[in-house]
C-alpha cells in the first residue's frame, strides 16, 4: 500500500482563493472558501501565505475486503516561502495486519501556484515530492510530479469549488513486484454550507503494484472550524473495485499560524 494511503499529504479541506493560508477553513466575515485537502485524497491549488505555517495531524483506518485492518497516523508541516511557493514535510506509520503495517515514510514536497483564477480559467499549481519509506519490507523510493486545478464560485455559504488533480509516480529502483511508473488521478467538489462548515465529495484513482488494479475510491466528508485557527476534517471512503479497501475513515486536525502572530 502506498504512502498516499498510509498518510495522505495531497491534498486539505481548507483554503482561500487569494494568497492566504492554504489550509485555513476559518470563518472570516464572508465565510469559508471552497477547498479540499487533508484528510481528503484530492488537494487544491491554494498555498500558504508568505511566512505562514500550517500543522496537520492526520490518522486513518482502512478495512480490506478480506477483513484485514490498517491504522495509520502522522504529521505534516507546511510553510509559505512566498504567497505562491510552499514547502511541506510529512510523515506517517502504519499499524495492523494489512499491507503497509509496521512501515512508514517521510515525504518532503514543494508546491508552486502558477496561475490565479481569472473568469472561467481555473487557478493552477504544480507540485513535486518524494516518498522515502522505512520499516521492515518497505518498498522503494518514489517520486511524485503533478498538477492541480481549482475553480471556485466565491466564498461564504452557497459557494462551490471544483478541483482536479493528476500526477506521475516514478520509482528509480523498484522493489520486486512494484511498478516503475504509476499515476494518481482525482476530482472533487467542495461546497460551503455554513460560514464555518465545508462539505467535500470526490473520486480518486491510484495505481498499485504489478498484478493489481488501480485503487478507486469515492469519498465524502466535511471540514469545520473548531476555534480560532484550528479546524477538523473527517472523510469516509468506499472502494469501488476488488483491489481497493472495502472502506476507510480518515480525520485531520489542522492548525494554521499566520505570519506575525
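Tabulated data for the structure shown
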| read-out | value |
| --- | --- |
| Qualifying residue in the stretch 152-171 (condition: buried (at least 20 other Cβ atoms within 10 Å of the Cβ), in contact with a strand residue (DSSP E or B) (Cβ under 9 Å, 6 or more places away or on another chain), within 23 Å of residue 61 (Cβ to Cβ) and at pLDDT 90 or above) | no |
| Filtered residue count, the stretch 97-127, keeping only those that are touching a strand residue (DSSP E or B) at 6+ places or on another chain (Cβ under 6 Å), more than 24 Å from residue 60 (Cβ to Cβ) and assigned to a strand (DSSP E or B) | 9 |
| Filter result for residue 23 (in contact with a strand residue (DSSP E or B) (Cβ under 6 Å, 6 or more places away or on another chain), in a loop (DSSP other than H, G, I, E, B) and either within 30 Å of residue 246 (Cβ to Cβ) or modelled with pLDDT under 95 (or both)) | yes |
| Residue check for residue 149: under 17 Å from the mean Cα position of the chain (by Cα), surrounded by fewer than 21 Cβ atoms within 10 Å (Cβ to Cβ) and under 23 Å from residue 48 (Cβ atoms) | yes |
| Residue list for the stretch 170-199, filter: part of a strand (DSSP E or B) and over 20 Å from residue 124 (Cβ atoms) | 170, 181, 182, 191, 192, 193, 194, 197, 198, 199 |
| Number of the exception - residue 42 against (1) surrounded by fewer than 24 Cβ atoms within 10 Å (Cβ to Cβ); (2) at pLDDT 95 or above | (1) |
| Residue 94 vs. criteria part of a strand (DSSP E or B), at pLDDT below 95 and within 20 Å of the chain's Cα centre (by Cα) | yes |
| Test: residue 149 is within 25 Å of residue 60 (Cα to Cα) and in contact with a strand residue (DSSP E or B) (Cβ under 7 Å, 6 or more places away or on another chain) | no |
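The values are calculated or read from the model by the stated rules, or taken from the named source; none is laboratory data. What you see is a predicted model, and the numbers here were worked out from it, not measured in a lab. As a convention, Cβ positions derive from the backbone with ideal geometry for all residues, glycine included, and neighbour counts pool all protein chains shown.
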